[in-house]
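These notes are about the structure you will find just below.
The values are calculated or read from the model by the stated rules, or taken from the named source; none is laboratory data. Because the structure is a prediction, the values reported are computed rather than measured. Using ideal geometry, Cβ is built from the backbone for each residue, glycine included, and neighbour counts are taken over all protein chains shown.
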Amino acid sequence: MTASQIVLTEHDEGIALVTMNRPDALNALSTAMRQALVRTFRQLAEDPTTEVVILTGAGRAFTAGLDLKELGGETDGGTAAGQSAEDTDLGAALADYPKPIIGAINGYAITGGFELALMCDILLCSTEARFADTHTRVGVVPGWGLSQRLPRLIGLPRAKELSLTGNFLSADRAYEWGMVNRVVAPEALLEEAHSLARDIVSTERTTRETMLRIMNDGWNSTLGEGLAIEHAASREHMQTRVTAEAVAARRAAIQDRGRKQ
């Protein structure tokens, strides 16, 4: 599958639908997938015709997070020559994105996929959506903001429960906890997202983008310090604690646990 096929983009009157397209791998965020997403968001940021992005996944997952087969050394990530760490940094790419992002969470959003969902400005969920933070089960410290964003959205005790257990959070419970805006039937998800996007596009663009910027700046006035703390901890942990062998072993345990839930 080529880079252009891994991430699909459709344009319609100011709205860009971005679809992660590795359904057989639950849209796992391989190096190639992360590169394609970063490149896509950078291009859309520079595209004056794009006013709102809808981000979703193909198949039964939004994304299951980082590709653990790749991280465990079982598959090749397909890194393009000359690519730097910035070319796969989804946290930076979405944080810098100046236009609204609607996350249309169609299915599983796990660990890095949960983090990617939390980077969106507005979340709409299918009734099939399920969230889980399995960082503590994989043995990896988050690096895209989950430890700082999730407590601010649902409260610290609830965030601790999710992150320290790795248990699943249903779409309905996520709605009850104020993490998502609405929950709809699977077949209605993309139309609901497009309807919301059309409402956003109908507003005055300069004012809208200013409102988005000042809301985000206000949020980040304290969040930014937390993200820096998380980033430093994640980097140290990756350098000293994460090995391909350990990830491969934990991946098998996670798969077995998932089958039983």
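Mind listing whichever residues of the stretch 54-70 are crowded, with 21+ Cβ neighbours inside 10 Å, out of contact with any Phe, Trp or Tyr (no Cβ under 6 Å at 6 or more places or on another chain) and either within 30 Å of Ala246 (Cβ to Cβ) or small (Gly, Ala, Ser) (or both)? Write out each step before concluding.
If we filter the stretch 54-70 for residues that are crowded, with 21+ Cβ neighbours inside 10 Å, which is where we start, we get 54-57, 61-68, 70.
Checking which are out of contact with any Phe, Trp or Tyr (no Cβ under 6 Å at 6 or more places or on another chain) leaves us with 54-57, 62-63, 65-68, 70.
Once the filter is applied, which keeps residues that are crowded, with 21+ Cβ neighbours inside 10 Å, out of contact with any Phe, Trp or Tyr (no Cβ under 6 Å at 6 or more places or on another chain) and either within 30 Å of Ala246 (Cβ to Cβ) or small (Gly, Ala, Ser) (or both), the stretch 54-70 yields Gly57, Phe62, Thr63, Gly65, Leu66, Asp67, Leu68, Glu70.
Hey, can you tell me all the residues within the stretch 35-48 that are out of contact with any helix residue (DSSP H, G or I) (no Cβ under 8 Å at 6 or more places or on another chain) and buried (at least 18 other Cβ atoms within 10 Å of the Cβ)? Show your work before the answer.
Within the stretch 35-48, the first condition is being out of contact with any helix residue (DSSP H, G or I) (no Cβ under 8 Å at 6 or more places or on another chain), and the residues that meet it are 40, 43-48.
Matches in the stretch 35-48: Thr40, Leu44.
Checking Thr203 against (1) touching a strand residue (DSSP E or B) at 6+ places or on another chain (Cβ under 6 Å); (2) over 13 Å from Leu124 (Cβ atoms); (3) not small (Gly, Ala, Ser), which single condition isn't satisfied?
The one condition Thr203 does not meet is (1).
What residue, among those in the stretch 107-142 that are within 11 Å of Ala61 (Cβ to Cβ) and buried (at least 24 other Cβ atoms within 10 Å of the Cβ), is nearest to the chain's Cα centre (by Cα)?
Only one residue fits best here, namely Gly113.
Restricting to the stretch 133-168, what's the tally of residues that are of a type in the set (S, T, N, Q), touching a residue at least 40 places away in the same chain (Cβ under 8 Å) and touching an Asp or Glu at 6+ places or on another chain (Cβ under 7 Å)?
Within the stretch 133-168, residues that are of a type in the set (S, T, N, Q), touching a residue at least 40 places away in the same chain (Cβ under 8 Å) and touching an Asp or Glu at 6+ places or on another chain (Cβ under 7 Å) number 2.
What pairs can you find where one residue is in the stretch 235-250 and closer than 14 Å to Leu66 by Cα, the other is among the charged types (D, E, K, R) and assigned to a helix (DSSP H, G or I), and their Cβ atoms are less than 9 Å apart, with a gap of 6+ or different chains?
Within 9 Å, the pairs are Ala248/Lys69; Arg250/Arg137.
I'm checking my understanding of the structure. Among residues of the stretch 146-186 that are charged (D, E, K, R) and closer than 25 Å to Gly258 by Cβ, which one is surrounded by the most Cβ atoms within 10 Å (Cβ to Cβ)? Explain how you work it out, then say what you get.
Applying the first criterion (charged (D, E, K, R)) to the stretch 146-186 yields 149, 152, 158, 160-161, 172-173, 176, 182.
Adding the requirement that they be closer than 25 Å to Gly258 by Cβ leaves 149, 158, 160-161, 172-173, 176.
Values: Arg149: 23, Arg158: 17, Lys160: 13, Glu161: 14, Asp172: 13, Arg173: 16, Glu176: 12.
Only one residue tops the list, namely Arg149.
Among the residues of the stretch 18-34, which ones are under 15 Å from the mean Cα position of the chain (by Cα) and either surrounded by fewer than 21 Cβ atoms within 10 Å (Cβ to Cβ) or not in a helix (DSSP H, G or I) (or both)?
First pass over the stretch 18-34, keeping only residues under 15 Å from the mean Cα position of the chain (by Cα): 18-22, 26-31, 33-34.
Matches in the stretch 18-34: Val18, Thr19, Met20, Asn21, Arg22, Leu26, Asn27, Ala28, Leu29, Ser30, Thr31.
Condition test on Glu51, is it over 29 Å from Val242 (Cα atoms), surrounded by fewer than 16 Cβ atoms within 10 Å (Cβ to Cβ) and out of contact with any Cys (no Cβ under 7 Å at 6 or more places or on another chain)?
Values: over 29 Å from Val242 (Cα atoms): yes; surrounded by fewer than 16 Cβ atoms within 10 Å (Cβ to Cβ): no; out of contact with any Cys (no Cβ under 7 Å at 6 or more places or on another chain): yes.
The answer is no for Glu51.
Mind listing whichever residues of the stretch 59-82 are at pLDDT below 80 and out of contact with any Asp or Glu (no Cβ under 6 Å at 6 or more places or on another chain)?
So the first thing to find is which residues in the stretch 59-82 are at pLDDT below 80, and the list is 68, 71-82.
Listed by number, the residues that qualify are Leu68, Leu71, Gly72, Gly73, Glu74, Thr75, Asp76, Gly78, Thr79, Ala80, Ala81, Gly82.
Just one of Asp172, Asp256, Asp217 is without any contact (Cβ under 8 Å) to a residue 40 or more places away in the chain, more than 23 Å from Ala92 (Cα to Cα) and of a type outside the set (Lys, Arg); which is it? Can you show your working first?
Numbers: Asp172 fails: without any contact (Cβ under 8 Å) to a residue 40 or more places away in the chain; Asp217 fails: more than 23 Å from Ala92 (Cα to Cα).
Answer to the selection: Asp256.
Among the helices (runs of 4 or more DSSP H) confined wholly to the stretch 101-182, which include 3 or more residues that are among the polar types (S, T, N, Q) and over 21 Å from Ala248 (Cα atoms)? Let's see the steps before the verdict.
On the way: elements: 112-118, 135-138, 146-154, 156-165, 171-176.
Because the criterion is at least 3 residues that are among the polar types (S, T, N, Q) and over 21 Å from Ala248 (Cα atoms), no helices (runs of 4 or more DSSP H) in the stretch 101-182 meet it.
Within the stretch 189-214, can you find the residues that are without any contact (Cβ under 8 Å) to a residue 24 or more places away in the chain and part of a helix (DSSP H, G or I)?
At the first step, the residues of the stretch 189-214 found to be without any contact (Cβ under 8 Å) to a residue 24 or more places away in the chain are 191, 195, 199, 202-204, 206-207, 210-211, 214.
Across the stretch 189-214, the qualifying residues are Glu191, Ser195, Asp199, Thr206, Thr207, Thr210, Met211, Ile214.
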